[in-house]
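J.: The structure under discussion is supplied below as structure tokens; questions concerning it will follow.
The values are calculated or read from the model by the stated rules, or taken from the named source; none is laboratory data. Owing to the predicted nature of the structure, the values given are computational and were not obtained by experimental measurement. Note that we place each Cβ from the backbone using ideal geometry, even for glycine, and neighbour counts take in every protein chain shown.
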Amino acid sequence: MTGSSPCFHTSWSGRPGWAALIVLAWTLLASCSRPDATTDSTVAEGGPAYGDTLVQASIGDISGLIPNITSDSSSHDIGGLIYSALVRTDKELRVEGELAERWEISPDELTITFHLRRGVKWHDGEEVTAEDVDFTYRYMVDPKTPTAYGEPFRQVQKVEVVDRYTYRVTYEKPYAPALLSWGIWILPRHILEAAWKGGVDLRTTRQNRHPIGSGPYRFVEWKTGEKVVLERNPDYFEGRPYLKRVVYRIIPDQSTIFLELKATNIDMAVLTPIQFRRQTDYPAFRKSFNRYQYLSNGYAYLGFNLLDPRFQDKRVRQAMAHAIDKREIIEGVLLGLGRPAVGPYKPGTWWYRDDVKTFPFDPERARALLAEAGWKDKNANGILLRDGKPFTFTIRTNQGNLVRQQTAEIIQRRLRAVGIDARIHVVEWAAFLNTFIRKKDFEAIILGWGLGLDPDQYDIWHSSKTGPDELNHISYKNPKVDELLEAGRRTFSEEKRRAIYGALQDLLAEEQPIVFLYVPDALPVVSSRVRGIEPAPAGISYNFIKWYVPAPLQRYTR
Amino acid sequence: MLPYLIRRLLISIPLLLGILCLSFLMLKLAPGEPSVVQQDLEARATAAQRETLRQLYGLDQPLHVQFGRWLSRVVRLDFGRSYSPDGRPVIEKIAERIPVTLGLNGLELLIIFSTAVPLGILSATRQYSAFDKAMTLFVFVGFATPDFWLALLLMLLFGVQLGWLPMSGLRSLNFEYLPFWGQAWDLLSHLILPVLVASFGGLAYLSRLMRGSLLEVIRQDYIRTARAKGLPEHAVIYKHGVRNAIIPVVTLLGMMLPGLLGGSVFIETVFAIPGMGQLFVQSAFSRDEPVLMALVVIGASLSLLGNVLADVSYGLVDPRIRVSGGKAG
């Protein structure tokens, strides 16, 4: 669930934030363009050079530097540069080895054997071994660990340190998301194990403020509320990164971040649609920055509480889908920077299907469907009635997300046109979750889902996941969907899974348990002095260690 | 004087208790709780995990028990550990930020006082002159201008357009490499905009007060007497007028402290200054109750202390006010 996510934020690590990976996973982009890249620079630059600093802004202070037990995106971004994992995803979003050189999956699909690279060093010089992986696993499944990411590891039946460089995990049942779950950051056993065994909360250890990792950047300093500084790890096993330093400045106000960006004091940020279209489209900005645009890994939706009998009728949900003009929302709210969503997956992924049933904007058809469902008569205000009760409900969404609020307003108008009276209630995030979502005390919501790297969406659609703290908060229950979700987890075969998730998309499109609204574009900008950025399905940050600033253009020489 | 001071301080204690009790209640009555914020964004947080966290933080206890426990620890100056994932001792988190906020507020008070008093005097002695009218305009603008708007406007002008001043933070990225004077200027230049914005409203208010107060004093009999005995005008104004007129100003300056502390919340957020105000905002959003309550304790104590100091200084500047025998005024 994407909440009041800061707009000025970029995910750098080639691997997506673990939060995204867990929920569902990250996905492919369909279109990728560089609208105004300034490659025609006239400066004599020379090729890749070492040095310079990349300054980025983070809207909140980071909460800790053991990312396994934090949940904010800044901690994950920084953690992604400091730590490394067994596997990650490449530019095409396929799984590739990081600390793991290769791995084998047993024929019964129950066991994965990871073979680690040899000679990879922690930043303090110790070698990274299977014991570190084992420690990370044991820490993740410890019930006392305050992590939100332990669940995939609880599916593991048995683990085995075969030798110094080999680690074997066995699952009870085949579990397709297993491989990607090993994208978890590996923690240094030699630093943390003694404290952990002694019952010490690892958040209070030195590691949480001065981490030792094995990733491309080393930790230098963290000035609370001010900045975090990283410096390249010259011994990184994939080669020395070009950019010498990475600085995260903590600036808790979005307008300030934007002004600092305009003054070129910040080298990288993510724009909002209005900033992209109206506020950065002038020559000086285009000269200083390259703007990128590609589909983000998430979508927004209008969800209904399916415990409410009015929404249990499929025809009513389909009518809403017909009544809403998704194009209008994209043009009006996203300023054209996005595309309509037809299902729960990102266009361009290998499991995505674009030939599912769609619900074009058609108020007539919407009225007809509502009439079929018994909403025929109208009261004096033109609101549809059934059994004498008007069709009135409240759409709730979280505060701080202007795009969602505006979307709600457009939807409200369109629904009114077919005789449905929708009200809007914008609620502060914590209250929204606790008062309305957890207690299932809502009629309709506008929210977003961040997508993962795997098509598994068991937690969102499965009927067993409707508890107060679970993700199927709309209480969707469909035995056929359950069956497909279970089958999809139980095989690693891409071909079989494509068929299974294809069928799932068909079903969800027909059923419209939620109205899929749009997939917004991600709109990052990076200082034009930085070269080597190659937009790919994974976005831009997957090859961060290859980014460089040509020697004459380097700005921070110390 | 001393018994009065002690009495005033003692009276502040029940007041402080009342503030704390109310703040605690309000915090607990607000929907959402810490464990929710920490975990609800994540898919795999199960109900059991949430319960673990609740027990860990004692959130499963009834309210009065929670309050009692908390209060008994606060009395011993133990504010506990932050709920945020860094889990640091609250006192440590606040201690590293207090100097920044106090320094900033001290600077603001100094600037407000040292500018507002002369401006008020000038306005009063030149009543209805062009200068006085300009000041009146300035005051209205000062009252009416929302801080955030002024802040952004100044940042846009001096930071983006002209590029003269840094817009956010306390130090430049290359701070460590600067010579001493470079460092001093760096720090100063970072403070100009925030202090200016933070002082603006107070400055307008206090200069108006000074003007009004002095105008009133000037019409008193003793001023007429002073003039009658042939004292030069500046001696009349500064020796007899200002000393009397400044009394209410001093009092109000002390009362402005809570307002300034509150303003720090906004100023430190917009200008990215790592002080207590910024911590307050972050803690509020993440429902970091131990930090929030500790900040409330500190803020309330400082404000009460400001009031006491104002009362005491009242006696110091105004010889007519004797505080002996516990009877003030």
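J.: For residues that are assigned to a loop (DSSP other than H, G, I, E, B), over 20 Å from the mean Cα position of the chain (by Cα) and not acidic (Asp, Glu), tally how many sit in the range A:142-159.
T.: Result for the range A:142-159: 5.
J.: Here is a further query. Filter the range A:204-225 down to the residues that are buried (at least 21 other Cβ atoms within 10 Å of the Cβ) and over 22 Å from A:Gly183 (Cβ atoms) and list them by number.
T.: Listed by number, the residues that qualify are A:Trp222, A:Gly225.
J.: Something else now. Condition check: free of Cβ contacts under 8 Å to residues at least 40 places away in the same chain, within 14 Å of chain B (Cβ to nearest Cβ), touching a His at 6+ places or on another chain (Cβ under 7 Å) and at negative phi. Does A:Asn472 satisfy that?
T.: yes
J.: Something else: Need at least 1 residues that are in contact with a Pro (Cβ under 8 Å, 6 or more places away or on another chain) and of a type outside the set (D, E, K, R) per element, so show me which strands (runs of 3 or more DSSP E) inside the range A:335-440 make the cut, counting only ones lying wholly within it.
T.: Passing ranges, in order: A:338-340, A:384-386.
J.: Which of the residues that make up the range B:245-279 are touching a Gly at 6+ places or on another chain (Cβ under 6 Å) and hydroxyl-bearing (Ser, Thr, Tyr)?
T.: If the condition is that a residue be touching a Gly at 6+ places or on another chain (Cβ under 6 Å) and hydroxyl-bearing (Ser, Thr, Tyr), then B:Ser264 is the only one that fits.
J.: Residues of the range A:235-247 being within 13 Å of chain B (Cβ to nearest Cβ) and surrounded by fewer than 24 Cβ atoms within 10 Å (Cβ to Cβ), which ones?
T.: Passing the criteria: A:Lys244, A:Arg245, A:Val247.
J.: Moving on to the next point. From the list B:Ser199, B:Ser172, B:Ser189, exactly one residue is small (Gly, Ala, Ser), in contact with a helix residue (DSSP H, G or I) (Cβ under 6 Å, 6 or more places away or on another chain) and under 23 Å from B:Leu109 (Cβ atoms). Which is it?
T.: B:Ser199
J.: Same structure, new question: Has the range A:162-180 got at least one residue that is under 30 Å from A:Tyr458 (Cα atoms), within 12 Å of another protein chain (Cβ to nearest Cβ) and either of a type in the set (Asp, Glu) or touching a residue at least 40 places away in the same chain (Cβ under 8 Å) (or both)?
T.: yes
J.: What is the residue count in the range A:112-133 for residues that are under 11 Å from A:Leu179 (Cα atoms) and either crowded, with 18+ Cβ neighbours inside 10 Å or free of Cβ contacts under 8 Å to residues at least 24 places away in the same chain (or both)?
T.: So the answer is 2.
J.: I would also like to ask the following. List every residue pair whose Cβ atoms sit under 6 Å apart, with the two residues 6 or more apart in sequence or on different chains, where the first one lies in the range A:200-225 and is at positive phi and the second, anywhere, is buried (at least 22 other Cβ atoms within 10 Å of the Cβ).
T.: Close Cβ pairs (under 6 Å, with a partner that is buried (at least 22 other Cβ atoms within 10 Å of the Cβ)) amount to A:Gly225/A:Asp61; A:Gly225/A:Ile250; A:Gly225/B:Pro274; A:Gly225/B:Gln278.
J.: On the given criteria, is A:Asp506 of a type in the set (D, E, K, R), under 30 Å from A:Ile474 (Cβ atoms), touching a residue at least 40 places away in the same chain (Cβ under 8 Å) and not in a helix (DSSP H, G or I)?
T.: Against the criterion (of a type in the set (D, E, K, R), under 30 Å from A:Ile474 (Cβ atoms), touching a residue at least 40 places away in the same chain (Cβ under 8 Å) and not in a helix (DSSP H, G or I)), A:Asp506 does not qualify.
J.: Among the residues of the range A:407-423, which ones are surrounded by fewer than 16 Cβ atoms within 10 Å (Cβ to Cβ) and touching a helix residue (DSSP H, G or I) at 6+ places or on another chain (Cβ under 8 Å)?
T.: A:Ala417, A:Arg423
J.: Which is within 12 Å of another protein chain (Cβ to nearest Cβ) and under 26 Å from A:Ala538 (Cα atoms), of A:Ile437, A:Ile460?
T.: Every option except A:Ile460 fails the conditions.
J.: Same structure again: Is it true that some residue in the range B:222-232 is of a type in the set (A, V, I, L, M, F, W, C), part of a helix (DSSP H, G or I), at pLDDT 85 or above and buried (at least 21 other Cβ atoms within 10 Å of the Cβ)?
T.: no
J.: Still on this structure: Search the range B:263-289 for residues being crowded, with 21+ Cβ neighbours inside 10 Å, among the small types (Gly, Ala, Ser) and touching a Leu at 6+ places or on another chain (Cβ under 8 Å), and hand back the single one that is nearest to B:Arg171 (Cα to Cα).
T.: It comes out as B:Gly275.
J.: While we're on this one: Hey, does the range A:285-297 have a residue that's touching a residue at least 24 places away in the same chain (Cβ under 8 Å), within 14 Å of chain B (Cβ to nearest Cβ) and within 20 Å of the chain's Cα centre (by Cα)?
T.: no
J.: Restricting to the range A:248-269, count the residues that are at the interface with chain B (Cβ under 7 Å from one of its Cβ atoms) and among the small types (Gly, Ala, Ser).
T.: Count: 2.
J.: Hey, among the residues in the range B:187-216 that are among the charged types (D, E, K, R) and under 24 Å from the mean Cα position of the chain (by Cα), which one's nearest to A:Gly60 (Cα to Cα)?
T.: B:Arg208
J.: Considering only the range A:128-141, how many residues are of a type in the set (Lys, Arg) and not in a helix (DSSP H, G or I)?
T.: So the count comes out to 0.
J.: Exactly one of these conditions fails for A:Thr145: (1) at pLDDT below 90; (2) closer than 30 Å to A:Ala487 by Cβ. Give me its number.
T.: A:Thr145 satisfies all of (1) at pLDDT below 90; (2) closer than 30 Å to A:Ala487 by Cβ except (2).
J.: Go through the range A:160-180 and give me each residue that's among the charged types (D, E, K, R) and either part of a strand (DSSP E or B) or more than 21 Å from A:Glu98 (Cα to Cα) (or both).
T.: A:Glu160, A:Asp163, A:Arg168, A:Glu172, A:Lys173
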